[in-house]
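Here's the structure, in structure tokens; my notes come after.
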Amino acid sequence: RQQIDSLSRQPTILVVMAVDNTPLVFLKEAIESIRSQYYENWVLCITDNASADPQVRALLESFAAADNRIKVLFNAQRGTIAAACNGAIALASADFVAFMGAGDRLPRQALFYIAKSIAENPEAAIIYTDEDKISAPGVRYDPWFKCDFNYELLLAQNTIGHLTAYRRDLVVNAQGFSPEFEGAHEYDLALRVLESIEPAQVIHIPRVRYLRRTRHGASDNATDLARRVVSGHLIRTGRGGEVIPAPEAPRFNRIRYPLPQLL
């Protein structure tokens with residue numbers, strides 16, 4: 001708390017969450033993990049994607065009534081998670097925006113480290129942390145200790161992951177998530193924001209500050225979408241190259257660049 005008080009600036013961090021029939025116990029844990037953050041200058045914007053269970057609405061309304069930093073949008077019809085997140089982004093203004101799964105959790109220091117990094121790196125545009133998994137009973141396991149920003153490795157797989165905070169104006173300029181890439185929309189956003197900044201503006205916090213609820217592995221469709229996302233990025237940046245399965249690790253990508261023309 002002393003470090004928070006001494007920060008040169010205390011940016012507002014908008015946390016976006018899309019709720020899609022999330023089990024109530026996990027949803028409550030996720031929201032409570034935001035409310036218990038040591039760093040308090042945050043806004044939690046939630047879109048409920050037409051969840052079938054009426055108790056979801058009641059729970060979200062009770063949280064919003066108890067804390068004016070929590071804002072909720074209820075979709076009348078079910079849509080994509082990407083579109084639901086875009087709706088949540090529009091609910092409030094902030095300096096940075098971070099994305100969180102409705103069943104996941106943040107350690108109490110998570111937003112403090114994001115805010116501290118913003119204060120120490122005024123030019124920062126993307127800030128990401130390490131992460132691990134959490135089982136249904138609440139057991140943490142399988143930590144992912146990431147490297148500092150590595151562009152070529154990012155093309156091979158989404159090495160940014162969670163917890164990631166983007167400068168909000170860059171997300172707005174990129175028009176948020178693309179629903180056409182549902183399933184790889186976070187990967188797509190990272191690459192599109194990256195196209196408008198310098199590599200030095202990507203900051204890695206080497207601490208586990210995100211707890212991802214255990215889910216099934218990536219589907220073949222998500223893997224194909226990820227390759228389309230990378231292909232689009234290579235076209236937009238003029239780099240060219242064919243995106244193919246990586247040898248010995250076909251879930252990841254290999255970029256086969258065209259040979260230069262000899263004069």
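Here are the numbers for this structure:
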| read-out | value |
| --- | --- |
| Heavy-atom accessible area order for R251, R213, largest first, 1.4 Å probe | R251, R213 |
| Rounded FRET efficiency, nearest 0.05, which uses the C-beta distance separating Q261 from R207 and R0 of 45 Å | 0.45 |
| Estimated vicinal HN-Hα couplings, Hz - region 30-37 in sequence order (Karplus 6.51, -1.76, 1.60; Gly, Pro = x) | 4, 5, 5, 5, 6, 5, 8, 4 |
| Shape of region 113-247, Cα gyration tensor, a/c cut at 1.5 | oblate |
| Listed peptides 256-262, 76-82 by packing density, highest first (mean Cβ within 10 Å) | 76-82, 256-262 |
| With all protein chains modelled, accessible area of E180 [1.4 Å, Å²] | 120 Å² |
| Phi-based couplings in Hz for region 190-197 (Karplus 6.51, -1.76, 1.60; Gly and Pro marked x) | 4, 5, 5, 5, 4, 5, 10, 10 |
| Label corresponding to P(r) over Cα pairs in 5 Å bins from 0, in percent when calculated from the structure given, among [x] 1, 5, 10, 12, 11, 10, 11, 11, 10, 8, 6, 3, 1, 0, 0; [y] 1, 6, 12, 16, 17, 15, 12, 8, 6, 4, 2, 1, 0, 0; [z] 1, 6, 12, 17, 19, 18, 13, 7, 4, 2, 1, 0, 0, 0 | [z] |
| D130, D224, reordered so the largest accessible area comes first (probe 1.4 Å) | D224, D130 |
| Amide H partners (placed H, <5 Å) of R207, local residues excluded | D130 |
| In sequence order, calculated HN-Hα J values of region 9-19 (Karplus, 6.51, -1.76, 1.60; Hz; x Gly/Pro) | 8, 10, x, 7, 10, 8, 9, 9, 9, 10, 9 |
| Cα-based reach from K146 at 23 Å (exclusive), listing lysines while leaving out same-chain residues under 8 positions away | K116, K133 |
| Cα-based reach from K28 at 13 Å (exclusive), listing aspartates and glutamates while leaving out same-chain residues under 8 positions away | E61, D104 |
| Mean residue ellipticity (222 nm) of the chain, computed from DSSP H runs ≥ 4 via -39,500 (n - 2.57), nearest 500 | -9500 deg cm²/dmol |
| Relative packing of 121-128, 147-154, 185-192, which averages over residues the other C-beta atoms within 10 Å, highest first | 185-192, 121-128, 147-154 |
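The values are calculated or read from the model by the stated rules, or taken from the named source; none is laboratory data. Note that this is a predicted model, so its numbers are computed, not measured. Reconstructed Cβ throughout: ideal geometry from the backbone, glycine too, with neighbour counts over all protein chains shown. The protein model used for the area step is the full one, side chains on, heavy atoms only, and it has no ligands, DNA or RNA in it. Shrake-Rupley method; radii C 1.70, N 1.55, O 1.52, S 1.80 Å.
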